[in-house]
Amino acid sequence: MAAPGEYFSVGSQVSCRTCQEQRLQGEVVAFDYQSKMLALKCPSSNGKPNHADILLLNLAYVSDVEVLHDRTQTPPPLASLNISKLASRARSEKEEKLSQAYAISAGVSLDGQQLFQTIHKTIKECKWQEKNIVVMEEVVISPPYQVGNCKGKEGSALDHVRKVVEKHFRDLESQKGVMRYSLQPSQKETSASS
């Protein structure tokens, strides 16, 4: 833990040992003396070269911190944030969560909720109208949300939505088949042992 008066320079390389004896190493991106919170930038855990993991460490739970390389020069300026893009993303996420909450409160089946999420991934212009899914203000999908329940003016929009619905349920069936297949060996083992 940082002793009173200690601080970490942005850009310095540090190594920490957590209370679980895990060794973490990375570049300091932020340090808050009051809360004793240290933010480290580490190589990406997903292996992508242009990505990084940011770890937030509460130094109250760190048994040892070693500065491997102290940054002496002024750190580079912070990257500018696109506030309008962030606000748009937050608004979009909020709308999506409200839509999910609406579907649950309206008593929409799990199949309907999953189909809505699948459609919404590729077609953002998708909303609930009671228990119906309305896509691009042109196609309405009513319960039980099968291909035959897609209604609208014949054309490319209706054809596209039907293909998405068909693929969604085909993918669900193949996932169920994989789950059934993976359950069979263990079922055989339990029946053989009885």
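The values are calculated or read from the model by the stated rules, or taken from the named source; none is laboratory data. Fair warning: this is a prediction, and the values are worked out from it, not measured in the lab. Don't worry about glycine lacking a Cβ; one is built from the backbone with ideal geometry, like all the others, and counts go over all protein chains shown. These accessible areas exclude ligands, DNA and RNA; they are computed on the full protein's heavy atoms, side chains included. Shrake-Rupley method; radii C 1.70, N 1.55, O 1.52, S 1.80 Å.
Structure above, values below:
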| read-out | value |
| --- | --- |
| E21 accessible area, 1.4 Å probe, all protein chains in place, Å² to nearest 10 | 130 |
| Two-decimal log10 I(q)/I(0) for the chain, as the Debye equation yields it once each C-alpha is a single scatterer, q = 0.16, 0.17 Å⁻¹ | -0.96, -1.02 |
| Lys/Arg +1, Asp/Glu -1 at C-beta; the chain dipole; positive extreme among G112, T72, S15 | G112 |
| Candidate residues H69, H168: accessible-area rank, largest first, probe 1.4 Å | H69, H168 |
| Gain in span if fully extended, Q117 to L172, counting 0.36 nm per residue against the direct Cα distance | 18.5 nm |
| Whole-number accessible area per residue in Å² for the chain, which is evaluated in the context of all protein chains at 1.4 Å | 70 |
| Cut-off under 5 Å, modelled amide H: who pairs with A30 long-range | A39 |
| Relative contact order (percent, whole number), the chain, Cα cutoff 8 Å, 6+ residue spacing | 12 |
| Degrees separating the helix 83-105 axis from the principal Cα axis of the chain, which is the longest one | 50 |
| With at most 16 neighbouring Cβ atoms within 10 Å, loop chymotrypsin sites (Phe, Trp or Tyr not before Pro) (DSSP) excluded, longest segment of the chain | 34-194 |
| Length released on extending from A90 to N50, taking residue separation times 0.36 nm less the Cα-Cα span | 12.0 nm |
| Vicinal HN-Hα couplings computed from phi for region 160-168 (Karplus, 6.51 cos²θ - 1.76 cosθ + 1.60; Hz; Gly/Pro x) | 5, 5, 4, 5, 5, 5, 4, 5, 4 |
| 3J(HN,Hα) from dihedral phi, region 119-130, Karplus parametrisation 6.51/-1.76/1.60, rounded to Hz, x for glycine, proline | 5, 5, 5, 10, 10, 5, 7, 9, 8, 9, 9, 6 |
| Vicinal HN-Hα couplings computed from phi for region 24-32 (Karplus, 6.51 cos²θ - 1.76 cosθ + 1.60; Hz; Gly/Pro x) | 10, 9, x, 9, 5, 10, 6, 8, 10 |
| Spacing of the two label points (7 Å from each Cα toward its C-beta) at S109 and K124, in nm | 3.1 |
| With every protein chain in place, the chain: carbon and sulfur % of accessible area (1.4 Å) | 54 |
| L98/V140 FRET efficiency (R0 22 Å; Cβ-Cβ; nearest 0.05) | 0.60 |
| Efficiency of FRET from Cβ geometry, E154 and Q34, R₀ 45 Å, rounded to 0.05 | 0.10 |
| Which listed pairs, of K48/K151; K131/K163; K36/K124, have C-alpha distances above 32 Å, in listed order | K48/K151; K36/K124 |
| Ranked order, C19, C126 - accessible area, probe 1.4 Å, largest first | C19, C126 |
